[in-house]
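*Asks:* Have a look at the structure that comes next, please.
Every number in this text was worked out from the coordinates using simple rules, so none of it is lab data. Keep in mind that this is a model prediction, so the values were computed, not measured. Methodologically, a virtual Cβ is constructed for each residue, glycine included, from the backbone with ideal geometry; neighbour enumeration extends over all protein chains shown.
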Amino acid sequence: MAEATQMKVSDEIAITISNMNKWYGAFHVLRDIDLTVNRGERIVICGPSGSGKSTLIRCINALEEHQQGSIEVDGTLLSSDLKNIDKIRSEVGMCFQHFNLFPHLTILENCTLAPIWVRKTPKKEAEETAMHFLEKVKIPDQANKYPGQLSGGQQQRVAIARSLCMKPRIMLFDEPTSALDPEMIKEVLDTMIELAEEGMTMLCVTHEMGFARQVANRVIFMDAGQIVEQNEPEQFFNNPQSPRTQLFLSQILGH
Amino acid sequence: MSDTNQHSASFVRTESIPEREPPYAASGPVKWARDNLFATPANGVLTIVAAYVIYLILAATLPWILNGIWSTSSLAECREILDGTTGACFSVLSERWNQLLFGFQYPEELYWRPSLAFLLLFVAAAPVLFFDLPRKLLIFTALYPFIAYYLIWGGTILTPIVAILGCVAGGYVYQRFVAGSFAAGFFGGIVAALVVWNLGGLLITEEANEAAVMTAVPSRDLGGFMLNMMLGVTCVSLSIPLGIALALGRQSSMPLIKWICVVFIEFIRGVPLITLLFVASVMLAYFFPPESSVDLFLRVVIMITMFSAAYIAEVIRGGLAALPKGQYEAADSLGLDYAQAMRLIILPQALKISIPGIVNVAVGLFKDTTLVSVISMFDLVGMIRGPILASTEWNGVYWELLGFAALLFFVVCYGISQYSQWLERRLATDHR
């Protein structure tokens, strides 16, 4: 693992995916995926739509079931046992394209719900933690509003804070900026960059190539359910090897 | 702001335009009438026609109501007083008031008991309906079914106490084992409750019931609007949880549970309620062991509850389907287990969407309780059709009696409807 950026990556392994396959009915979405993620590593996954990149990270916290191969998260092998799955999910935070905040709860309640019910944290402590992370994403003053009263960018930052309140060891981002206006994309990316600088292990599905260059230690390009190419960002963007990657990059960076 | 009038190609706004009030529009009743009643000639004609129709209706009914007689003891006497003029014989209501409310067999000296139970119903329902009230009041709500049972049916106090003990035992066993597995807790709880009830049942003897401080009143003596209220309240409060369970069961990934729920819902929905009620009154006894005599009231409650639960389940299924998939995924991704995700995330939102539908079913159910008059239970309609209209004094007073029944049901149903609208406003947090 080359040290692409100044941020450190440990030798400890966070996620191991080996020979993983997934089908939707007869459709083979993910094919022979092998991937090892070290603790502190920041990986950006890109590729055309339908290439299986979202499905891949959704398999890591078992939102999608894989049919073959194995996924090991934080030393726990992902099995169909519900307790096991809930344990892994509580260690892995996830942010969605459409934020998926709970509209019937205030921002603060959104953030304290999982710590209180899953971690059994006392309410007061959970609220303090929540306020800490809301300050971190720079919206402590919105704590008592409802998600519907916030802008898209604010909602996505709340979603990040909500995940962080569980003190996850790994964060998954599923196109976190795809549903946002350009002005709001920046505020969300800033939050993610800050998180990366603190050494969080991150897997991001995103089309923000600037973010990939700045933050990632590794960029993975997927097409048709396979990992086509992976490399450190410098090499990936300046010297792509596979013709498919070259075509993709020329299309998204071409204008 | 006059910069824009100079027809130059370049323009730079130096200050933003301040917010202003909308232009002052004429207001007052004249303006309102012009906008709403006489906006166009056709509109004006409609208004006049509608006003005339309203006048005709009032002209026919008002004298009838205002000229009503309240204090005679038979229809013949009432007609004599009216002497051919238009007027209602409301005296049937005042003379048969107690029968209309309590039926004709409930002991007169005990009317205070169901009346008290009715008043306490409001205290018990308040914390459920208005959740801003202190949560401690729910303790009374939990005890209310037992208190109401004791007040209405009387008998030995051991009956409600054994019932409470059974529930407590069941709850305790459930709490104890639910951490291990939900099925163990659930079925363990039911078994524990049944054991306590059966053991407790040995303590309750016929003599104890007869010697009790509160005179025992058998179910067949219940009647009047009281019976409608009892059936309505019991069945609504039982069918909502059952409906939620059926709706969730229908979505279950376990095929056995799913198919049990589907078959139950489809079968019950496909059968007329009146058929189910006949089953309750005649056939259900065949399914119970011969020595057990399950009360007719209980049998009817079971049937109406199953009937409306099937409808409520489908309404809630609609609410569940309306939630974006992302809500389930977000709940899952935070590590909430199924029960937590349902209770904290999914059901609060799905039930909110389902409020109009649930209220629709609840109102329908409440009115359907009058169908028990067909299986010779003397509810409000049963009293009117049976003992009152059949009596020599009041044979032929239809409008007053049925109008009164309609009014009572309207008041309750309108109240439910208003409450549900308040609830929807109260729960609106999406700020659309």
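*Asks:* Long-range amide H contacts for A:Asp223: which residues qualify at under 5 Å (H placed 1.01 Å from N, peptide plane, sequence gap of 5 or more or a different chain)?
*Replies:* A:Val228
*Asks:* For the stretch B:37-84, take every pair of Cα atoms, bin their distances at 5 Å starting from 0, and report each bin as a whole percent.
*Replies:* Bins of 5 Å from zero give 5, 18, 15, 13, 11, 9, 8, 7, 6, 6, 2 percent of pairs.
*Asks:* I've got another one for you. Report, as a whole number in µm² per second, the diffusion coefficient that Stokes-Einstein gives for chain A at 37 °C and 0.692 mPa s using the Kirkwood radius over alpha carbon pairs.
*Replies:* This corresponds to a translational diffusion coefficient of 175 µm²/s.
*Asks:* Bin all alpha-carbon pair distances of the stretch B:272-406 at 5 Å intervals from 0 and give each bin's fraction as a whole percent.
*Replies:* 2, 9, 14, 13, 12, 11, 11, 10, 8, 5, 3, 2, 1, 0, 0
*Asks:* Translational D (Stokes-Einstein, µm²/s) of the stretch B:216-354 at 4 °C and 1.567 mPa s when Rh comes from the Kirkwood sum over C-alpha pairs? Numbers along the way, then the final one.
*Replies:* Working: Rh = 16.9 Å.
Translational diffusion coefficient: 77 µm²/s.
*Asks:* Using only Cα positions of the protein assembly as shown, each an equal point scatterer, no hydration layer, compute I(q)/I(0) via Debye at q = 0.07, 0.08, 0.11 Å⁻¹ and quote the log10 values to two decimals.
*Replies:* -0.72, -0.86, -1.19
*Asks:* Quote the convex hull volume per residue of the stretch A:38-103, based on C-alpha atoms, as a whole number of Å³.
*Replies:* Dividing the Cα hull volume of the stretch A:38-103 by its residue count gives 129 Å³.
*Asks:* Let me ask you something else. For a footprinting-style exposure proxy, rank B:Glu329, A:Glu125 by other Cβ within 10 Å, fewest first.
*Replies:* A:Glu125, B:Glu329
*Asks:* Going by a ≥ b ≥ c, the root eigenvalues of the Cα gyration tensor, does the stretch B:114-249 fall in the rounded group (a/c under 1.5), the prolate group (a/b larger than b/c) or the oblate group?
*Replies:* It comes out oblate by the Cα gyration axes.
*Asks:* Long-range amide H contacts for A:Phe173: which residues qualify at under 5 Å (H placed 1.01 Å from N, peptide plane, sequence gap of 5 or more or a different chain)?
*Replies:* Here A:Cys95, A:Leu203, A:Cys204, A:Val205 satisfy the definition.
*Asks:* Quantify how strongly other chains surround peptide A:117-124 by giving the mean number of their Cβ atoms within 10 Å of each of its Cβ atoms.
*Replies:* Averaged over the peptide's residues, the number is 2.
*Asks:* Can you give the Rg and Dmax of the stretch A:29-167 based on its C-alpha atoms, in angstrom?
*Replies:* 16.5, 47
*Asks:* Can you sort B:Val233, B:Val374, B:Val411, A:Val44 so the residue with the fewest Cβ neighbours within 10 Å comes first?
*Replies:* Fewest-to-most ranking of B:Val233, B:Val374, B:Val411, A:Val44: B:Val411, B:Val374, B:Val233, A:Val44.
*Asks:* Let me ask something else about it. Could you tell me which of rounded, prolate or oblate describes the stretch B:219-289, using a ≥ b ≥ c as the square roots of the eigenvalues of the alpha-carbon gyration tensor, with rounded for a/c under 1.5 and, failing that, prolate when a/b is larger than b/c and oblate otherwise?
*Replies:* Here the stretch B:219-289 falls in the prolate category.
*Asks:* Oh, and also: Which far-off residues, 5 or more places away or on another chain, put their amide H under 5 Å from the one on A:Val29, with H placed in the peptide plane?
*Replies:* Amide H neighbours of A:Val29, under 5 Å, 5+ apart: A:Lys22, A:Trp23, A:Tyr24.
*Asks:* Please give the FRET efficiency for A:Tyr24 paired with A:Gln149, using the beta carbon to beta carbon distance and R0 = 51 Å, rounded to the nearest 0.05.
*Replies:* 0.90
*Asks:* Apply 1/(1 + (r/R0)^6) to the Cβ-Cβ distance of A:Glu194 and B:Val178, taking R0 = 60 Å, and write down the FRET efficiency to the nearest 0.05.
*Replies:* Between A:Glu194 and B:Val178 the formula returns 0.90.
*Asks:* Continuing with the same structure: How large is the Kirkwood hydrodynamic radius of chain B, counting all unique pairs of alpha carbons, in Å?
*Replies:* Taking the inverse mean of 1/r over all distinct Cα pairs, chain B comes out at 26.6 Å.
*Asks:* Once phi is turned into ³J(HN,Hα) by the Karplus curve 6.51 cos²θ - 1.76 cosθ + 1.60 with θ = phi - 60°, what whole-Hz value does each residue of the stretch B:75-87 show in order, with x for glycine and proline?
*Replies:* 5, 4, 4, 4, 5, 4, 5, 5, 6, x, 6, 6, x
*Asks:* Provide a whole-number value for the mean count of partner chain Cβ atoms within 10 Å of the Cβ atoms in peptide A:84-96.
*Replies:* If you average over the peptide's residues, the count of other-chain Cβ atoms is 3.
*Asks:* If you rank B:Asp221, B:Asp295 by fewest surrounding Cβ atoms within 10 Å, what's the result?
*Replies:* Final ranking by Cβ density, sparse to dense: B:Asp295, B:Asp221.
*Asks:* Sticking with this structure for a sec: Relative to the longest principal axis of the C-alpha atoms of chain A, give the angle of the C-alpha long axis of helix A:107-117, reported between 0 and 90° and rounded to the nearest 10°.
*Replies:* Rounded to the nearest ten degrees, it is 80.
*Asks:* Averaged over all directions, how much area does the convex hull of the C-alpha atoms of the stretch B:199-247 cover when projected, in nm²?
*Replies:* The orientation-averaged projected area of the Cα hull of the stretch B:199-247 comes to 5.6 nm².
*Asks:* Quick check: residue separation of B:Val45 and B:Leu323 times 0.36 nm, minus the Cα distance between them. What number comes out in nm?
*Replies:* Extending this stretch completely gives an extra 95.5 nm.
*Asks:* For B:Asn198 paired with B:Ile260, estimate the spin-label separation in nm (one decimal), with each label point 7 Å from Cα along the Cα-to-Cβ line.
*Replies:* Those two pseudo-labels are separated by 2.0 nm.
*Asks:* Taking the Cα centre of chain B as origin, sum charge times position over the Cβ atoms of Lys and Arg (+1) and Asp and Glu (-1), and report the length of that vector in debye to the nearest 20.
*Replies:* Dipole size: approximately 1120 debye.
*Asks:* Whole angstrom only: what separates the Cα centroid of the stretch A:15-54 from the Cα centroid of the stretch A:67-106?
*Replies:* After rounding, the separation between the Cα centres reads 15 Å.
*Asks:* Pop out the ³J(HN,Hα) list for the stretch A:228-233 in order, Karplus 6.51 cos²θ - 1.76 cosθ + 1.60 with θ = phi - 60°, rounded to Hz; leave Gly and Pro as x.
*Replies:* Residue by residue, the stretch A:228-233 yields 8, 7, 9, 6, 6, x Hz.
*Asks:* For chain B, modelled as a Gaussian network with Cα springs under 10 Å, which listed residue fluctuates most, B:Thr40, B:Thr234, B:Thr305?
*Replies:* Among B:Thr40, B:Thr234, B:Thr305, the largest mean-square fluctuation in the Gaussian network model of chain B belongs to B:Thr40.
*Asks:* Taking the alpha carbon gyration tensor of the stretch A:148-255, what are the square roots of 5 times its eigenvalues, largest first, to the nearest whole Å?
*Replies:* One finds semi-axes of 27, 16, 12 Å for the stretch A:148-255.
*Asks:* Let me know the Rg and Dmax you get for the stretch A:141-191 when you use only its Cα atoms, in Å.
*Replies:* Spelled out, the Cα radius of gyration and Dmax of the stretch A:141-191 are 11.2, 30 Å.
*Asks:* Place a point 7 Å from Cα of B:Leu423 in the direction of its Cβ. Which residues in the stretch B:222-255 have their backbone N less than 13 Å from it?
*Replies:* The answer is B:236-241, B:244.
*Asks:* Let me ask you something else. Kindly provide log₁₀ I(q)/I(0) values, in the same order as q = 0.14, 0.26, 0.28, 0.29 Å⁻¹, from the Debye equation applied to equal alpha-carbon scatterers of the stretch A:73-133.
*Replies:* Summing over Cα pairs of the stretch A:73-133 leads to -0.50, -1.12, -1.16, -1.18.
*Asks:* Can you tell me how much longer the chain between A:Leu247 and A:His132 gets when fully stretched, taken as 0.36 nm per residue apart minus their C-alpha distance, in nm with one decimal?
*Replies:* Working it through step by step, the gained length comes to 37.0 nm.
*Asks:* Okay, next question. Within chain A, what percent of beta bridges assigned by DSSP are antiparallel, to the nearest 5? Mind dumping the intermediate values first?
*Replies:* On the way: 20 of 37 bridges.
The antiparallel proportion sits near 55 percent.
*Asks:* Still on this structure: Provide the per-residue ³J(HN,Hα) series for the stretch B:90-104, in order, calculated from phi with Karplus coefficients 6.51, -1.76, 1.60 and θ = phi - 60°, each as a whole number of Hz, with x at glycine and proline positions.
*Replies:* Each residue of the stretch B:90-104 in turn: 5, 4, 4, 5, 5, 6, 9, 3, 5, 5, 5, 8, 10, x, 9 Hz.
*Asks:* Then there is this: What is the gain in length, in nm to one decimal, between B:Arg13 and B:Trp32 on full extension, counting 0.36 nm per residue of separation less the C-alpha to C-alpha distance?
*Replies:* Result for the pair: 2.8 nm of gain on full extension.
*Asks:* Here's something else I'd like to know. From the mean inverse distance of alpha carbon pairs (Kirkwood) and the Cα radius of gyration, derive Rg over Rh for the stretch B:61-193.
*Replies:* 1.26
*Asks:* Would you kindly compute the Cα radius of gyration of the stretch B:355-421 and its largest Cα-Cα separation (Dmax), both in Å?
*Replies:* So, for the stretch B:355-421, Rg and Dmax equal 14.2, 46 Å respectively.
*Asks:* Let me ask something else about it. So what is the diffusion coefficient of the stretch A:106-209 in µm² per second by Stokes-Einstein at 20 °C and 1.002 mPa s, using a Kirkwood Rh over Cα pairs?
*Replies:* Numbers: Rh = 13.9 Å.
My calculation gives 154 µm²/s for D.
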